[in-house]
1. I'm checking my understanding of the structure. Among residues of the stretch A:108-118 that are touching a residue at least 60 places away in the same chain (Cβ under 8 Å) and surrounded by fewer than 24 Cβ atoms within 10 Å (Cβ to Cβ), which one is farthest from A:A151 (Cα to Cα)?
2. How about the stretch B:1-36: which of its residues are within 11 Å of another protein chain (Cβ to nearest Cβ) and exposed (fewer than 13 other Cβ atoms within 10 Å of the Cβ)?
3. Residues A:F7, A:F57: which one is under 18 Å from the mean Cα position of the chain (by Cα), within 10 Å of another protein chain (Cβ to nearest Cβ), surrounded by 19 or more Cβ atoms within 10 Å (Cβ to Cβ) and modelled with pLDDT of 85 or more?
4. Looking at B:S84, B:S104, which one is modelled with pLDDT under 75, part of a helix (DSSP H, G or I), surrounded by fewer than 10 Cβ atoms within 10 Å (Cβ to Cβ) and of a type in the set (S, T, Y)?
5. Considering the stretch B:33-55 alone, what residues qualify as being among the basic types (K, R) and farther than 17 Å from A:E117 by Cβ?
6. Test B:D129 against the criterion of being modelled with pLDDT of 80 or more and surrounded by 10 or more Cβ atoms within 10 Å (Cβ to Cβ), and give yes or no.
7. Taking the stretch A:15-34, which residues are buried (at least 24 other Cβ atoms within 10 Å of the Cβ) and among the β-branched types (V, I, T)?
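The values are calculated or read from the model by the stated rules, or taken from the named source; none is laboratory data. Because the structure is predicted, anything quoted here is derived from the model rather than measured. Every residue, glycine among them, receives a Cβ derived from its backbone with ideal geometry; neighbour counts consider all protein chains shown.
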Amino acid sequence: MQAGELFQRHHLSVFRYLKRMTGSRERAEELTQEVFLRVVRTRSRDTAAGRERAWLFTIARNLFLNVRRDAGRRPEALRLDETRVPGIADVVAERIGLEQALAKLPVTDREVFLLRELGGLGYDEISGICALTQDAVRSRIYRARLELREALRGTSVPSLREGRR
Amino acid sequence: MKDESMELLSAFLDGEDVDPGALAEALTDPAAREVLRDFALVRSAVREDPDRPGSAFYARMERELSTERPATRWWRRVVPIPASALAAMLVAGVLVGTWAVMPSRVAPDRAFEQPPEPDRIVEFVEGVDWMVRE
């Protein structure tokens with residue numbers, strides 16, 4: 001598959017994954033660009049059909065780990081001025097609440113959760129990428145969902161807030 | 001509600017294999033149905049991200065991707081002769097070979113028409129080496 005086709009199909013999910021992992025959309029843009037530049041530079045793209053996503057997210061994750069190692073700190077929650085969410089204030093507030101809740105998750109929990117939800121990867125693929133057992137992947141995703149559920153119930157996602165009644 | 005039941009619901013939402021009996025048992029609890037609904041809402045909230053990279057990003061990527069060369073297999077790079085040229089060469093070789101061995105083109109070999117020269121002669125003498133029987 002050509003890099004252009006891979007880009008069209010997957011760049012948004014890679015960008016959104018990296019934005020949530022780094023806490024910065026500018027950094028996410030740089031890293032997303034780097035992911036696809038590496039794809040272009042890679043002569044052999046004989047990745048088995050259906051495994052391209054896992055390959056792209058492996059590159060994205062490695063780039064994120066490099067950035068994190070260099071920075072030596074945990075990513076921060078997105079700043080308000082970094083979010084370009086058009087629309088009314090409560091939609092923005094909901095979005096910010098979600099980003100903050102995600103940023104508060106332990107980095108490995110956030111990683112496996114986002115690989116599942118944004119990358120669309122199965123537990124076996126995430127297990128291979130993150131060097132975890134499938135049981136650990138399952139538990140971490142569950143834990144992340146539970147944390148987000150609690151966080152969002154207490155803040156701004158109306159459907160969850162209503163669900164508590 | 002037990003943690004194992006909620007974890008099972010989470011895995012079920014992800015399309016992973018779960019024990020159907022355990023799933024059915026978990027779903028009899030109204031709290032489990034609420035958890036499943038909330039997990040689906042969390043998923044929806046996370047996936048509904050309208051944010052996209054800026055226009056400068058797309059301009060850069062368009063430049064980079066336009067320089068991409070088509071991916072080729074190694075043997076195509078090593079042997080760039082198209083298969084049709086190879087086939088034409090093969091057919092030409094067969095034709096030349098057939099023409100070269102045609103009977104009208106083969107010169108008669110006189111050696112095949114002469115008996116070989118003897119390298120020794122054995123003589124049998126009647127009365128010494130052999131007898132006539134009556």
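1. A:L118
2. B:D3, B:E4, B:G15, B:D17
3. Result of the check over A:F7, A:F57: A:F7.
4. B:S104
5. Selection gives B:R33, B:R52.
6. no
7. Hit for the stretch A:15-34 is A:T32, nothing else.
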